[in-house]
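The values are calculated or read from the model by the stated rules, or taken from the named source; none is laboratory data. Worth saying up front: this structure is predicted, and the values here are computed from it rather than measured. With ideal geometry, Cβ positions are generated from the backbone for all residues, glycine too; neighbour counts draw on all protein chains shown. Accessible surface is based on the protein model in full, side chains and every heavy atom, while ligands, DNA and RNA are left aside. Shrake-Rupley method; radii C 1.70, N 1.55, O 1.52, S 1.80 Å.
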Amino acid sequence: MVESIDKSVPEEVRYRDVCINLSEGSVTKNGVEVPVTKREFLLTVYLMRTKNTIMKKERLMEIAWGKEVPDEIRILDNHIRQIREKLQWGDCLVSYLDFGYELL
């Protein structure tokens, strides 16, 4: 999971009360580990690193699926919904209909 993460940046990525440890591949919220899938992990890291930037759905699909991007783009919406629920980001992970997402 962690192999596709750029190790030239700090080992931890933080946003609000969420911390991602890149070397361990773990996500914690308020110090409590949150179980995430590989794709949720990759999407969360990317969104945290690009916060305050609207990211196109196509780019997010490339981040999470690489060369094996599924034809059904709704699968991305389902992963984003899971991230919102698990990290309680309903107020800060904004969707732009048919375009993309932004972490505020």
| How much accessible surface does L22 have with a 1.4 Å probe, in Å² rounded to 10? | 10 Å²
| Leaving out ligands, DNA and RNA, what percent of the accessible area of the chain is carbon and sulfur, probe 1.4 Å? | 49 percent
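List the equivalent ellipsoid semi-axes of the chain in whole Å, largest first, each obtained as the square root of 5λ for an eigenvalue λ of the Cα gyration tensor.
20, 16, 13
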| remark: Longest the chain segment clear of GluC sites (Glu not before Pro) sitting in DSSP loops (not H, G, I, E or B) with at most 16 other Cβ atoms within 10 Å runs 25-67
| said: As a test of the formula, what do you get for the chain when each DSSP H run with n ≥ 4 contributes -39,500 (n - 2.57) and the sum is divided by the residue count, at 222 nm and rounded to the nearest 500 deg cm²/dmol? | reply: -10500 deg cm²/dmol
| message | What aspartates and glutamates does K29 reach when the alpha-carbon gap must be under 18 Å and sequence neighbours fewer than 8 apart in one chain are set aside? | response | E11, E12, D17, E40, E85, D91
| Where the only charges are on Cβ atoms (+1 Lys, Arg; -1 Asp, Glu), what is the dipole of the chain about its Cα centre, to the nearest 20 debye? | 160 debye
